[in-house]
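A short worksheet on the structure shown next.
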Amino acid sequence: MAPLVIGVLALQGAYKEHISQLALLSPPSRDASLPSSQAALPSDKVSLSIRTVEVRTENDLSQCDALIIPGGESTSMLRLAREGGMIAPLGEFVKRRATWGTCAGMILLGDVVDLPCVGAQSPIGGIPIKVVRNYFGRQVDSFETDLTLPWLGGGPFHAVFIRAPVVEKCLSDEVEVLARLPAKAKVVGGTESAEEKGEQGDIVAVRYRHLFATAFHPELMEEGGRMHRWWVEEMVIPAAG
């Protein structure tokens with residue numbers, strides 16, 4: 001079977017960390033000289049056949065079955081994408097292929113977001129959500145916390161939030177909320193927070209059809225591969241098939 005080709009947008013940001021996590025899901029062939037106990041994956045983990053591509057051009061993107069848009073600086077990422085003629089190809093790709101946006105990637109996948117360089121309407125979009133940038137404050141306000149994610153399995157997931165966005169509002173009933181952050185719910189722009197509305201907190205992960213977005217950075221944590229595996233098995237493989 002041909003390997004899945006997963007691209008990581010490599011214009012700016014934490015793309016190398018995503019590539020490293022994906023590499024752990026698709027280890028090289030076992031060295032016959034090593035005892036199987038040293039060379040094999042854990043019994044409950046199946047090796048996935050994955051090839052990664054650093055995506056900088058439309059040609060790079062055309063090779064991919066799926067795409068990760070990493071965390072970074074969303075305005076810089078958009079500027080570089082525009083200069084490289086990548087806005088339209090990215091917009092077309094996310095309409096039909098599995099795509100995961102982390103932090104800045106969530107911002108770029110949101111249909112409505114306050115970006116100084118483009119206004120309220122995202123030039124890429126794809127997920128009908130309204131995203132608030134830098135929701136928790138500046139770099140100094142970054143933090144880590146455990147999230148309870150029953151859909152992921154394996155116990156609490158330790159998440160890193162760096163100048164993170166949140167989803168202020170879902171604009172379609174088809175958007176599935178996968179994670180909230182109750183402890184950090186607060187008022188934004190004079191509107192009620194989710195907590196004040198009697199809900200469970202700020203939305204930090206969503207799924208919409210073949211698209212997935214997280215406000216945090218799984219790629220920066222050792223256990224982040226759990227989420228990469230889930231994404232590949234639950235979203236990439238079905239969409240590619």
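Any idea how far apart residue 79 and residue 209 come out in nm if each label point goes 7 Å out from Cα toward Cβ?
According to this spin-label approximation, the distance is 3.2 nm.
Pull out the extension gain between residue 151 and residue 134, defined as 0.36 nm times the separation in residues minus the alpha carbon to alpha carbon distance; nm, one decimal.
Working: separation 17, 0.36 × 17 = 6.12 nm, distance 2.65 nm.
Full-extension gain reported as 3.5 nm.
Residue 172 versus residue 24, label points 7 Å from Cα toward the beta carbon: distance in nm?
So the label points at residue 172 and residue 24 sit 3.2 nm apart.
I'd like the distance between the alpha-carbon centres of the stretch 1-24 and the stretch 150-170, rounded to an integer number of Å.
20
So, counting K/R as plus one and D/E as minus one, what does the shell of residues with Cβ under 14 Å around residue 208 add up to? Display every interim value, and only then the final one.
Working: positive: 95, 96, 97, 130, 169, 207, 209; negative: 111, 173, 174, 176, 234.
Residues near residue 208 contribute +2 overall.
If the label point is 7 Å along Cα→Cβ of residue 5, which residues in the stretch 211-241 have backbone nitrogen under 20 Å from it?
Answer for this model: 232-233, 235-241.
We did not get these values from a lab; they are worked out from the coordinates using the rules stated. The model shown is predicted, which means the values in this text are computed figures rather than measured ones. No Cβ is skipped: glycine too gets one built from the backbone with ideal geometry, and neighbour counts run over all protein chains shown.
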